[in-house]
Amino acid sequence: MSDSTRTPQQEVRITPRLIDSLYTEAMLLADEARSYFDEAGREERSMLEPFARVGFACESLKVTTRIMHIVAWLLTQRAIESGEIGSGEGRRPERRLGHAAESDPKVIAKLPPAARKLIDASSDLYARIRRIDEGVVAVEPPPSPARALMGRLERGLSGQG
């Protein structure tokens, strides 16, 4: 199909299963990062040259920031899926995936292998979430007939007419 005959892209459907899977991955990565940077990484950090130690500290903050943005975005998706907030509200700029600084390959090359692994894992997960977030376009999905029926039933049962 040529670009001129394509229909406008509809909103990407993010399923609860995908959200849960990504959330689990993010939380496991967060726990692994916390454990490494707070405990095991301290000894490795102390053996680095001063410039590399600063890079180590900066990269640990970048990993944490990426994970925090990912978790916040996933919680927003859960709220949209559960109906706590509307999909339009979920697309507001402050609810989109936050910006996370990229890592400098020259700095990463000087870090211990375990740190590099965590940096790469957080960058990879962040990039995947960013692609999903960018796939969400501002086209309002059609109303669900099932949700409309449920709303009418709830109003009827509560006596609201």
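The values are calculated or read from the model by the stated rules, or taken from the named source; none is laboratory data. Note that the structure is a prediction, hence the values are computed from the model and not measured. Note that we place each Cβ from the backbone using ideal geometry, even for glycine, and neighbour counts take in every protein chain shown. To get the accessible areas, we keep the full protein, side chains included, count just its heavy atoms, and leave off ligands, DNA and RNA. Shrake-Rupley method; radii C 1.70, N 1.55, O 1.52, S 1.80 Å.
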Notebook entry, point to check: So how far apart, in nm, are the two label points at residue 18 and residue 117 if each is 7 Å from Cα heading toward Cβ?
Noted result: 2.9
Next item on the list: Calculate what fraction, in whole %, of the accessible area of the range 33-97 sits on carbon and sulfur atoms when a 1.4 Å probe is rolled over the protein chains.
Entry: 56
Checklist line | Potential extension, residue 43-residue 154 segment - 0.36 nm per residue separation minus Cα distance | finding: 34.0 nm
Margin query: Give the aspartates and glutamates whose C-alpha is closer than 13 Å to that of residue 110, dropping any in the same chain fewer than 8 places away, or say none.
Written below: 44, 49, 59
Notebook entry, point to check: Rounded if a/c is under 1.5, else prolate if a/b is larger than b/c, else oblate: which is the range 28-103, with a ≥ b ≥ c the root eigenvalues of its Cα gyration tensor?
Noted result: oblate
Note to self: With bins 5 Å wide starting at 0, give me the P(r) of the range 16-161 over every alpha carbon pair, in whole percents.
What the structure shows: 2, 9, 16, 17, 14, 11, 9, 7, 5, 4, 3, 2, 2, 1, 0
